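A.B. asks: Right, I'll just put the structure down here and ask away after.
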Amino acid sequence: MKTLVIDEKYRGLRKDEYGQFLFQGNIECDGAIEINLDSWLIVSGSIWAGRGIKASGGIKAGWGIEAGGGIEAGEDIEAGWGIKAGGDIEAGGGIEAGEDIKAGGDIEAGGGIEAGEDIGAGWDIKAGWGIEAGEGIGAGGDIEASGGIKAGWGIEAGEGIGAGWDIKAGEDIGAGWDIKAGWDIEAGEGIGAGGDIEAGLTIKCKQKLSSKCRIFAGVFTQKKTLPEEQVIECAEIDGVIGFGILKKIEA
């Protein structure tokens, strides 16, 4: 299959006053799409490739972006609808979609990752800033963010979950290995980990808190925490408390 190369000479492409390249309609190719532009490519419709999509700058679609292989951009990747790849999704900047962000491999961004609906990866999800989903976040491997991780529904990782700030979910938080947050860990339902659960500040859930290893709350390294910042709040607990103050609530 041939590779569709998009450069400044691509038919229908025009440059706006900001130096961004605009295209009216859809860009589709059964093979790969290679975007060789020194600025953003902004498409009013969708970008679809049977194989991979690779861009030197940022790419933005009014509708969806989908590839049978991977999607890679030197800057941001944005779509009004969903972003889907059979392989990895990688961006030097952020990744943002109005609907789902789904990858068969990894999802990795130098900036943040944000979806109006689900974020799902066959393997790791990693962000240089935060990760936020209107619905669920799920990964076969690790979920890691330098900032916070937030989901309207649940957060599930086959391996570990780690955030520099908070980890918050409207439903369950679950990991095959450790769950670690620089600040608070909070779930609308239960929290379960195959390893340690560790928070710089509080750990709170409405149902069962379960750890195969130990549970630590209030272990923030940059200052001495107060008793109210060391609270472990749950309806039921299964695990050993390494540090923290247990507070039982009604389920």
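A.B. asks: About its Cα centre, what dipole magnitude does the stretch 45-142 give when the only charges are +1 on Lys and Arg Cβ and -1 on Asp and Glu Cβ, stated in debye to the nearest 20?
C.D. replies: Working: 6 positive and 19 negative charges, 77 e Å.
Dipole of the stretch 45-142, to the nearest 20 debye: 360 debye.
A.B. asks: Given H placed on each backbone N at 1.01 Å, which residues far from residue 180 in sequence or on other chains put an amide H within less than 5 Å of it?
C.D. replies: Counting only residues 5 or more places away or on other chains, the set is 161, 162, 163, 198.
A.B. asks: Follow-up. What does the charge dipole of the chain about its Cα centre add up to, to the nearest 20 debye, if the Cβ of each Lys and Arg holds +1 and the Cβ of each Asp and Glu holds -1? Write down the numbers at each step before the final one.
C.D. replies: Values: 23 positive and 45 negative charges, 44 e Å.
Dipole of the chain, to the nearest 20 debye: 220 debye.
A.B. asks: Further question on the same structure: For the stretch 108-165, what is the convex hull volume of the alpha-carbon atoms per residue, in Å³?
C.D. replies: Values: hull volume 3.1 nm³, N = 58.
So the per-residue hull volume is 53 Å³.
A.B. asks: Once Rh for the stretch 40-144 is found with the Kirkwood sum over Cα pairs, what is the Stokes-Einstein diffusion coefficient at 37 °C and 0.692 mPa s, in µm²/s?
C.D. replies: Working: Rh = 12.7 Å.
Reported coefficient: 259 µm²/s.
A.B. asks: Applying the Karplus parametrisation 6.51 cos²θ - 1.76 cosθ + 1.60 with θ = phi - 60° to the phi angles of the stretch 147-164, what ³J(HN,Hα) value in whole Hz is obtained for each residue in order, glycine and proline being reported as x?
C.D. replies: After applying 6.51 cos²θ - 1.76 cosθ + 1.60, I find x, x, 10, 9, 9, x, 10, x, 10, 9, 10, x, 10, x, 10, x, 9, x Hz.
A.B. asks: Then there's this: Would you mind telling me which residue in 60, 102, 223 has the biggest mean-square fluctuation in a Gaussian network model of the chain, where springs connect alpha carbons within a distance under 10 angstrom?
C.D. replies: It is 223.
A.B. asks: Would you calculate the convex hull of the Cα atoms in the stretch 91-225 and tell me its volume per residue in Å³?
C.D. replies: Values: hull volume 10.2 nm³, N = 135.
It is 75 Å³ per residue.
A.B. asks: Give me the tail of P(r) for the stretch 182-251 as a percent: Cα-Cα pairs with distance above 17 Å.
C.D. replies: On the way: 756 of 2415 pairs.
Cα-Cα pairs of the stretch 182-251 separated by over 17 Å account for 31 percent.
A.B. asks: Would you indicate which of (1) -0.75, -0.98, -1.06; (2) -0.78, -1.23, -1.41; (3) -0.76, -1.14, -1.27 is the value of log10 I(q)/I(0) by the Debye sum over Cα atoms at q = 0.13, 0.16, 0.17 Å⁻¹ derived from the coordinates of this structure?
C.D. replies: Calculated log10 I(q)/I(0) by the Debye sum over Cα atoms at q = 0.13, 0.16, 0.17 Å⁻¹: the matching label is (1).
A.B. asks: Please order 214, 14, 51 by the number of other Cβ within 10 Å, starting at the fewest. Please report the intermediate quantities before stating the final value.
C.D. replies: Working: 214 16, 14 9, 51 19.
Neighbour counts put them in this order, fewest first: 14, 214, 51.
A.B. asks: What order do you get for 240, 43, 219 when you list them from fewest to most C-beta neighbours inside 10 Å? List each step's numbers first, then the result.
C.D. replies: Numbers: 240 11, 43 22, 219 17.
Sorted ascending by nearby Cβ count, the order is 240, 219, 43.
A.B. asks: Under 26 Å Cα-Cα from residue 212, which lysines qualify once same-chain neighbours fewer than 8 residues away are excluded?
C.D. replies: 126, 150, 168, 180, 204, 247, 248
Read the figures in this text as sums done on the coordinates, not as results from a lab. Owing to the predicted nature of the structure, the values given are computational and were not obtained by experimental measurement. A quick note on method: Cβ atoms are made from the backbone with ideal geometry, for glycine too, and the neighbour counts reach across all protein chains shown.
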